[in-house]
Amino acid sequence: MKKLITAVVSLGLMIGTVASAGTDVGADIKAFQSYFKKQNPSVDFADYTIGVYALDEGSREQFEEILDGIPPYEEAVERGGEEFEKFGLGKCAALKDPAAARLAHPYYDDAAGTVVTLEGTIRKCYTEQTGKKMGTMKGKIARISSWISDQAAGEKINVKVESDGAKAAYERGKATFYAKRGQFNMSCADCHVYNSGKKARADILSPALGHTSHVPMYRAKWGGIGTLHRRYGGCYKNMRAKPLMAQSSEYRDMELFHQAMSNGIEISADRYRK
């Protein structure tokens, strides 16, 4: 317990809602990233884009072997590009430049009073173009979002949190990230900050830094591509907590915080994860 409290203090991150006037996103990012640099001094900052594979040499070798062949997500991502064209998504102003769209999300829409995610923009555009609704976790939404993200591969995440509304959403998202939940009474941070690199059964816990660089992700466990919010739901289930709805305001707020913590990390098209 003492170790956990020390870690929280060293990160300078409070669990709970803080008035937006006291929000210092830059300081949070610096503290968050410095924590991982101190925990893993031999890991290059740029390597956090490959997640857990930056921490374990054996896992990294397996990861690289998969990439050297035909990655299992390649066909799905190509299909996502075809669907982007088929459904006329490039006609929507927000998606006209796919690379710019990836770099612009998530963001806080002051007029709407809400966080807008890339998947939210894709779904809105799809409905405008087809009159139909799109899912939130897998299938078309994951394929199209993956293809759009690929267009920005090599560019750096740079989430902006500037207005009072954005800062309030960011603080809510931060509170969700650090809140303990479920029968195991654990938070996202317990696994992916304080215990990252350690084993949970047969799996090595991935570092939260860089988590959002390769989303949507292909998981061998899923046998397909899924969105970040699908992964959030899986983590909730692992803690034996009831998952929230994908694209709920709580998940969108947490994504704003989660993505911002990886500012400066390159977006990657290498989306395979165990």
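The values are calculated or read from the model by the stated rules, or taken from the named source; none is laboratory data. If you're wondering where the values come from, they're calculated on a predicted model, not measured in any experiment. Neighbour counts run over all protein chains shown; Cβ positions are idealised from the backbone, glycine included.
Tell me which residues, restricted to the stretch 121-142, are assigned to a loop (DSSP other than H, G, I, E, B) and small (Gly, Ala, Ser).
Gly131, Gly135, Gly139 - these are the residues of the stretch 121-142 that are assigned to a loop (DSSP other than H, G, I, E, B) and small (Gly, Ala, Ser).
Within the stretch 75-95, is even one residue free of Cβ contacts under 8 Å to residues at least 24 places away in the same chain, of a type in the set (A, V, I, L, M, F, W, C) and touching a helix residue (DSSP H, G or I) at 6+ places or on another chain (Cβ under 7 Å)?
Checking the stretch 75-95: not a single residue is free of Cβ contacts under 8 Å to residues at least 24 places away in the same chain, of a type in the set (A, V, I, L, M, F, W, C) and touching a helix residue (DSSP H, G or I) at 6+ places or on another chain (Cβ under 7 Å).
Pairs please, first residue from the stretch 130-147 and over 17 Å from Tyr73 (Cβ atoms), second anywhere and of a type in the set (Lys, Arg), Cβ atoms under 7 Å, 6+ apart in sequence or on different chains.
Close Cβ pairs satisfying both conditions: Met134/Arg123; Met134/Lys140.
For the stretch 21-120, give me every one of the helices (runs of 4 or more DSSP H) that falls completely inside it and has 3 or more residues that are within 21 Å of His214 (Cα to Cα) and over 19 Å from the mean Cα position of the chain (by Cα).
57-68, 74-86
Quick check on the stretch 9-20: of everything there that is crowded, with 16+ Cβ neighbours inside 10 Å and in a helix (DSSP H, G or I), which residue is modelled with the lowest pLDDT?
Looking at residues that are crowded, with 16+ Cβ neighbours inside 10 Å and in a helix (DSSP H, G or I), I get Leu11.
Regarding the stretch 163-172, can at least one residue be identified that is surrounded by fewer than 16 Cβ atoms within 10 Å (Cβ to Cβ), more than 30 Å from Asp109 (Cβ to Cβ) and modelled with pLDDT of 95 or more?
No, the conditions are met nowhere in the stretch 163-172.
For Ser262, indicate whether it is modelled with pLDDT of 95 or more, in a loop (DSSP other than H, G, I, E, B), in contact with a His (Cβ under 8 Å, 6 or more places away or on another chain) and more than 20 Å from Asp28 (Cβ to Cβ).
no
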